[in-house]
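In what follows, a structure is listed as structure tokens, so that the remarks can point back to it.
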């Protein structure tokens with residue numbers, strides 16, 4: 001039996017950011033909803049892991065950006081341990097990308113630009129929601145949203161000071177492709193530091 005060859009892109013680049021860009025472009029063409037959805041895994045001060053789905057809102061050679069309330073549970077976990085894992089799963093392509101690295105806050109200017117692009121109700125929701133904290137009743141959130149609408153009656157809603165973004169700066173990538181008979185293809189990129197060159201290897205499925 002002969003295994004199917006690896007895709008040319010998997011072998012022709014030593015830059016994982018370039019390969020991610022190629023795969024992400026494929027996903028945007030084929031995924032029916034939210035190709036930028038990714039699992040964000042964090043670990044709190046108590047050592048307990050946690051995970052949830054967030055949306056990728058920026059990606060370049062510096063890292064992968066998402067936005068949230070800094071006072072949320074994920075914000076508290078990242079304050080205690082500023083490291084994270086991201087996982088993308090594109091079922092239509094039968095591919096995954098997993099990356100691990102340190103986490104840093106984006107600049108206020110970056111956050112302002114993205115916040116300004118959001119729909120008005122999303123901006124107001126950032127003021128109304130105490131994300132991840134107990135909510136006695138849905139009506140409380142609706143009341144706080146109405147208060148925010150009164151407070152900011154125009155489209156110019158400022159960014160709350162507690163709402164901003166994080167950038168995951170990866171030290172490791174894994175590109176995974178589904179193959180027949182569960183003999184999957186796993187391509188690894190690692191580097192010893194953020195200024196170090198990438199090294200590539202493969203893993204058994």
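So that you can scan it fast, the table gives a plain yes or no per residue for (1) exposed (fewer than 13 other Cβ atoms within 10 Å of the Cβ); (2) touching a helix residue (DSSP H, G or I) at 6+ places or on another chain (Cβ under 8 Å); (3) at pLDDT 95 or above; (4) within 23 Å of residue 55 (Cα to Cα):
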| position | (1), (2), (3), (4) |
| --- | --- |
| 120 | no, no, yes, yes |
| 128 | no, yes, yes, yes |
| 176 | no, no, yes, yes |
| 192 | yes, no, yes, no |
- Could you check residue 90 against (1) over 25 Å from residue 159 (Cα atoms); (2) out of contact with any helix residue (DSSP H, G or I) (no Cβ under 6 Å at 6 or more places or on another chain) and say which number it fails? (2)
- State whether the residues of the stretch 151-158 include one that is surrounded by 15 or more Cβ atoms within 10 Å (Cβ to Cβ) and in contact (Cβ under 8 Å) with a residue 24 or more places away in the chain. yes
- Task: Could you list, in sequence order, all residues of the stretch 45-55 that are farther than 18 Å from residue 101 by Cβ and more than 16 Å from the chain's Cα centre (by Cα)?
- Result: 45, 46, 47, 48
- Item | Among residues of the stretch 107-120, those that are free of Cβ contacts under 8 Å to residues at least 12 places away in the same chain and either more than 22 Å from the chain's Cα centre (by Cα) or closer than 30 Å to residue 193 by Cα (or both), counted | 3
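Collect the residues in the stretch 130-161 that are under 22 Å from the mean Cα position of the chain (by Cα) and modelled with pLDDT of 95 or more, keeping them in residue-number order. Even if it seems obvious, please write down each step before you answer.
Of the stretch 130-161, the ones under 22 Å from the mean Cα position of the chain (by Cα) are 130-133, 159-161.
Scanning the stretch 130-161 gives 159, 160, 161.
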- Query: With respect to residue 104, is the statement that it is surrounded by fewer than 18 Cβ atoms within 10 Å (Cβ to Cβ), within 24 Å of residue 60 (Cα to Cα) and touching a residue at least 12 places away in the same chain (Cβ under 8 Å) true?
  - Reply: yes
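From 75, 44, which residue is surrounded by 13 or more Cβ atoms within 10 Å (Cβ to Cβ), under 25 Å from residue 160 (Cα atoms), at pLDDT below 95 and touching a strand residue (DSSP E or B) at 6+ places or on another chain (Cβ under 7 Å)?
Details: 75 fails: at pLDDT below 95.
Every option except 44 fails the conditions.
The values are calculated or read from the model by the stated rules, or taken from the named source; none is laboratory data. It should be emphasised that the depicted structure is a prediction, and the values quoted were computed from it without experimental measurement. Neighbour counts are summed over all protein chains in view; Cβ atoms, including those assigned to glycine, are modelled from backbone coordinates with ideal geometry.
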